[in-house]
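The values are calculated or read from the model by the stated rules, or taken from the named source; none is laboratory data. These figures come from a predicted structure and were not determined experimentally. Virtual Cβ from ideal backbone geometry, glycine too; neighbours counted across all protein chains shown. To get the accessible areas, we keep the full protein, side chains included, count just its heavy atoms, and leave off ligands, DNA and RNA. Shrake-Rupley method; radii C 1.70, N 1.55, O 1.52, S 1.80 Å.
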Amino acid sequence: MAVQLLAARDGFQWPAGDPGNTTDTIIGGVHFNVTTLNHWNYTLYEGNMTLSNWSRCYLIDQPYTPPLLLTNGTFVNSTWCYLATQPSGPRAHIGVGFAIAFALSLVFVLINLTRHGKLYLPAEKRFYPIGRRWQWYWAIFICTAALIGLFTGIDVDRYRVVELPLVLNVFFWFLMNMGSIALVWEAVRHWGSWMERQFIDPNPFVLQQTDRRGMFEFWLPLFFYLWWWLDFFIVIPRNWGAVELQRSPEQTITKGEPAATDIRFKIAPFFLLISWLTILVSLWHSVRHYEARNRGLLNRIIGFIRYVPYRFILMIPLSLAVIAYQALAAWKFDYSPLKKDTNLIAMYVGGYVPALLLIVILCVSGFLRPNEDKELIRQRRVRGSQVDQDLGISKKPAWWRRARGEISTGDAVRDQLYRNVREVGGARRVQHVAEQRAANVEDTTAANNTFEMSSIRRTPSVASSTAPPPYSSANRTEQRNAQTIQLAASLLFPNGSNPPTPLSPPAQERNRDAEPQVRSTGNYTRTSSMRSSVSLTAPPQQVRSMLDV
């Protein structure tokens, strides 16, 4: 490089200065000392009007011309070459348009991720929920990489000397291409998984995971990502600074073009091509195992095209176009995005349009397809209806229960008894009679419990000093349930006798010598003894021995 620099400097001539002064030169209307410029190895590049000594670079045209050069090689009030000083060009304008399109697509991708990633059924170990979301994750990755690359590409035209923006632009473009291939792969792979899930849903044991088919589906993704990662490591980790060496036509030919078309860039498309062929194998495998088989080569080809979703018929050729343009850029530097002044039509049509169309097709198909869990629930409902039809079971409409009076009363016991009565009697009158009798019994019970109040004289006793028991709605509900059960039993078994009411413990188990409790009610005193046969006004009989009985 030093030899080339010396050879270039040997043939270099500074612009003429004042007549008769060989040490003076005029650059941008400002006089500079040629001796100082030569001493510090400065070279004037008239192609982009920069002054550089391979360690420092300054803009030398108006209005960036420095007014003074010091003897130590320092320019006063100078402008650094690696700044965005130029107006944006067509590369930036077209890039902003594509960036807006990718940003809008990102919004619809997030909507579809929420739509298809939501679970309505319990997660299964055989079909992880993340499997259906990977295609949307790769779509987000593509949009993000495209946005970063396109927005950094705005400064490619604004830099007079090629610098970091060009590297960032092509760096994220390569990542976007890899994401496009991964997007198509995950879409095809998940479609096969979705077909398998529908296939085994009626009978989970119809397909095993350890058979030849299952092992093939286990190893195929590993094979795909093997070549995908090889493409990543052969393209991404490199010295990207060599691509920046396009600061003069001579440097572009000798440095920039060889760096942008080296052997690693030429091998990378073949790795992506192997990954693309793996996508076709996965699609063929899913159609072969989860769709109806056809006989004959022509019928199989027709059936394959008919079974494949329409979105894959568009997405697979678009992914091949991504690989084709990357290969073209590796062999033809004039059409490569790595060139500063490249063919913009080829760059955007071949480099960004296929990726954008992949996102659009995926989003449109996502809005047209239902959530997989909801679709599986619908299929299960259809299969259940078919089974009921085969068994002669007809599901009653919603108005059937209301027409038959099968409306819940809020009481589970009463509702169950009413159903039993209807099954035995088969008429609404039974329910009406039961309700009427229950109401009459409740009224009778309430009437029997009432009595005319008289003057009550409180007498000191243990019972009077005790607070009455608190009211509980549970006791009321239990009493009502017991009455309902008794009424229903009388309707179901009219000739049967009522079950005996539980009595107090046997007399022999109680202490006969115990004194009965006495309650005072105004003018008379009443005992709670059940052994007395005398009226309430007479004193109670006292049994003294077994001879009196």
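Leaving out ligands, DNA and RNA but keeping every protein chain, what accessible area does Phe270 have, in Å² rounded to the nearest 10, with a 1.4 Å probe?
In the full protein context, Phe270 sits at about 120 Å².
Can you give the FRET efficiency to the nearest 0.05 for Ser88 and Val281, using r as the Cβ-Cβ distance and R₀ = 41 Å?
Calculated value: 0.35.
Mean separation of Cα pairs under 8 Å and 6+ residues apart, divided by the residue count of segment 107-229: what relative contact order is that in percent?
About 23 percent, as a whole number.
Can you compute 3J(HN,Hα) from phi for each residue in segment 201-217, using the Karplus curve 6.51 cos²θ - 1.76 cosθ + 1.60 with θ = phi - 60°, rounded to whole Hz and x for Gly and Pro?
So the J values, rounded to whole Hz, are 4, x, 9, x, 9, 6, 10, 9, 8, 9, 7, 5, 5, x, 5, 5, 5.
Residues of segment 39-62 with the amide nitrogen closer than 20 Å to a label point 7 Å from the Cα of Leu70, along Cα-to-Cβ, please.
Within reach of a label on Leu70: 39-43, 51-60.
Name the residues whose placed amide hydrogens come within less than 5 Å of the amide hydrogen of Val162, ignoring near sequence neighbours (fewer than 5 apart) on the same chain.
Gln246
Listed highest first by mean packing, meaning other Cβ atoms within 10 Å per residue, what order do 342-352, 384-394, 47-57 come in?
342-352, 47-57, 384-394
Relative contact order, percent, of segment 1-132 when contacts are C-alpha pairs under 8 Å separated by at least 6 residues?
Computed value for segment 1-132: 11 percent relative contact order.
Where in segment 225-324 are there trypsin sites (Lys or Arg not before Pro) that are in a DSSP coil and have at most 10 other Cβ atoms within 10 angstrom of their Cβ?
When the trypsin sites (Lys or Arg not before Pro) of segment 225-324 are filtered for loop state and at most 10 Cβ neighbours within 10 Å, Arg293, Arg295 remain.
If you count only protein heavy atoms with a 1.4 Å probe, what accessible area per residue comes out for segment 255-378, rounded to a whole Å²?
That works out to 49 Å² for each residue.
Could you work out how far apart the two model spin labels at Asn41 and Thr144 are, taking each label as a point 7 Å from the Cα in the direction of the beta carbon, and quote it in nm?
4.4 nm
Assuming 0.36 nm per residue, please report the length gained on full extension of the stretch Tyr120 to Leu104 beyond their Cα-Cα distance.
3.0 nm
What's the center-to-center distance, using Cα atoms, between segment 158-198 and segment 68-88 in Å?
First find each Cα centre; the distance between them is then 39 Å.
For segment 1-131, report the accessible area per residue in Å² (1.4 Å probe, heavy atoms, rounded to an integer).
57 Å²
Carbon and sulfur atoms: what percent of the 1.4 Å accessible area of segment 114-211 do they account for?
The computed percentage sits at 63.
Residue by residue, what Karplus-based ³J(HN,Hα) values in Hz, rounded to whole numbers, does segment 253-270 have, using 6.51, -1.76 and 1.60 with θ = phi - 60° and x for Gly and Pro?
Calculated HN-Hα couplings, in order: 6, 8, 10, x, 5, x, 5, 7, 10, 6, 5, 5, 5, 7, 7, 4, x, 5 Hz.
Show me, for segment 86-98, the HN-Hα J-couplings you get by feeding each phi into the Karplus relation (A = 6.51, B = -1.76, C = 1.60, θ = phi - 60°), rounded to Hz, glycine and proline as x.
Result, rounded to whole Hz: 8, x, 5, x, x, 4, 6, 5, 5, x, 5, x, 5.
How do 32-40, 374-382, 353-361 rank on mean C-beta neighbours within 10 Å, highest first?
Result, highest mean first: 353-361, 32-40, 374-382.
Using a 1.4 angstrom probe and counting only protein chains, how large is the accessible area of Lys396 in Å², to 10?
Estimated to the nearest 10 Å², Lys396 gives 100 Å².
List the residues whose amide H sits under 5 Å from the amide H of Thr43, counting only those 5 or more places along or on another chain, with H placed 1.01 Å from N in the peptide plane.
Excluding prolines and chain starts, which carry no amide H, the hits are Ser52, Asn53.
Could you calculate the contour length gain from Glu375 to His31, that is, 0.36 nm times the residue separation minus the distance between their Cα atoms, to one decimal place in nm?
Fully extending the segment from Glu375 to His31 adds 115.8 nm.
Could you compute the FRET efficiency for Asp415 and Phe367, with r as their C-beta to C-beta distance and R0 at 51 Å, rounded to 0.05?
The computed FRET efficiency comes out at 0.65.
Can you sort Thr144, Thr71 by 1.4 Å-probe accessible area, starting with the largest?
Thr71, Thr144
Name the long-range amide H neighbours of Ile27: under 5 Å, sequence gap of 5 or more, or other chain; modelled H, no Pro or chain starts.
Residues meeting the criterion, in which the H sits 1.01 Å from N, are Phe32.
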